[in-house]
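Notes follow once the structure below has been shown.
Read the figures in this text as sums done on the coordinates, not as results from a lab. Here the structure is a predicted model, which is why all the values come from computation and not from measurement. Here the Cβ positions follow ideal geometry from the backbone for every residue, glycine too, while neighbour counts run over all protein chains shown.
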Amino acid sequence: MTSQTITPAAAAAGTWALGDLTVNRLGFGAMRLPQTGPALVRRAVPRDREQAIAVLRRAVDLGVDHIDTAAFYFSPLRSANELINRALAPYPDGLVIATKVGPGRDRSGRWLPHATPEQLRGQVEENLRQLGRDHLDLVNLRVVGTDPVADRFGALAELREAGLIRHLGLSNVTAAHLAEAAAIAPVVCVQNPYGIGSPPEQEALLRACGERGTAFVPFYAIAGPGRQAGSTGEEPPEVLAVARRHGASPAQVRIAWTLHRGPHVLAIPGTGDPDHLTANVAAAALRLTAEDLALLGALHHRAG
Ligand SMILES: NC(=O)c1ccc[n+]([C@@H]2O[C@H](COP(=O)([O-])OP(=O)(O)OC[C@H]3O[C@@H](n4cnc5c(N)ncnc54)[C@H](OP(=O)(O)O)[C@@H]3O)[C@@H](O)[C@H]2O)c1
């Protein structure tokens, strides 16, 4: 199964409803677009604008209708939201753009502390301006640490009531955060770091989301411990063996494995490379066998 032998289609992994918005389970993460090399660093090397725009348009052509972004995804010369606006506006019907608010970055790229409820409103407005929209489809409250989220999530719930936001989610959270937020307003998704070898608490949260009918949206499913620096390219023998069996790449196996964790799991692999994009969308059609899943499951439990 390579990008040469199968026509990539994001729909091949089926769909999931984020509230009243149905998306293909295979989506796209925009964090890699503003730069080449590590993301979210102050002196990141800006990516070629036309390449980033081409990747976004190709993603939509391949059926991607769920794009994850944030106003804090920027390099000195590029912003993910601006690239999305330039590439895709006027936005096609059915395209769901999910963004995140929480701790922002100042103009030099330094991380700021958690936003106050009032600052969160400003971040929502910043996303609206950059994306050129009158409302946001989905806003995730991104959380750092274990402090309660009621004030911040409550502020977003008010913006939802006011019609600026259609649906709310959470990112980088614990089960306690999910319970706290869900008592305030519906939580349609949880976006957390997850992939082969993730620790048991992420596994438990993935399952809890499935039981509640909440989408679980992994990030760093390919990058793993490389996190914002990106994939290290070092792969365990189990991933290589499964990849060989299917004529797939390790990245495709990693994406497919997350999609096999439950129908509520959505993939948002990030790339600025057109060939990687095509391969990642093709992973929606990769069906792992029971033998593959046993091998990767053993690796997951051993590494987690
Ligand atoms: N909520 C949060 O706190 C949070 C944090 C981080 C990310 N996110 C979101 O989650 C999305 C996914 O995370 P991510 O972009 O960091 O990580 P990822 O999807 O796990 O992996 C991206 C890394 O893998 C490489 N890669 C992608 N496709 C590949 C392929 N087919 N073959 C080989 N290498 C490949 C990319 O490099 P190339 O560019 O060279 O392909 C990049 O280094 C982000 O884009 C962002 O939207 C959210």
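Rounded to the nearest 0.05, what FRET efficiency do L77 and A290 have when you use their Cβ-Cβ distance and R0 = 35 Å?
About 0.15, to the nearest 0.05.
In whole angstrom, note down how far apart the Cα centers of region 36-114 and region 287-304 are.
33 Å
Please compute the net charge surrounding G19, taking Lys and Arg as +1 and Asp and Glu as -1 over other residues with Cβ under 15 Å from its Cβ.
Here the charged neighbours net out to -1.
Output the antiparallel fraction of DSSP beta bridges having both residues in region 102-212, as a percent to the nearest 5.
Antiparallel: roughly 10 percent of the beta bridges in region 102-212.
Which residue, G163, G145, G230, tops the fluctuation ranking in a GNM of the chain built on C-alpha contacts under 10 Å?
Among G163, G145, G230, the largest mean-square fluctuation in the Gaussian network model of the chain belongs to G145.
So what's the back-of-envelope 222 nm ellipticity for the chain, counting only DSSP H runs of four-plus at -39500 (n - 2.57) apiece and dividing by all residues, rounded to 500?
-11500 deg cm²/dmol
Need the full-extension length gain, R245 to A179, defined as separation in residues times 0.36 nm minus the C-alpha distance. One decimal, nm.
Between R245 and A179, full extension yields an extra 19.7 nm.
If you consider only alpha-carbon coordinates, what radius of gyration and Dmax does region 146-212 have, in Å?
12.6, 41
For region 53-200, what log10 I(q)/I(0) values come out of the Debye formula at q = 0.18 1/Å, with one point per alpha carbon and no solvent?
So the normalised log intensities are -1.11.
D for the chain, whole µm²/s, Stokes-Einstein with Kirkwood Rh over alpha-carbon pairs at 37 °C and 0.692 mPa s: what number?
Roughly 170 µm²/s, to the nearest whole number.
Please state the equivalent ellipsoid semi-axes for region 1-136: what are the square roots of 5 times the Cα gyration tensor eigenvalues, largest first, in whole Å?
26, 19, 13
Grab the eigenvalues of the alpha-carbon gyration tensor for region 150-304, scale each by 5, take roots, and send me the semi-axes largest first in whole angstrom.
31, 17, 13
Give me the percent relative contact order of the chain, please, defined on Cα pairs under 8 angstrom at least 6 residues apart.
22 percent
Just the number, please: Stokes-Einstein D of region 264-303 in µm²/s, Kirkwood Rh from C-alpha pairs, 4 °C, 1.567 mPa s.
It comes out at roughly 107 µm²/s.
What's the extension gain from Q51 to R129 if we count 0.36 nm per residue and subtract their Cα-Cα distance?
Here the answer is 25.8 nm.
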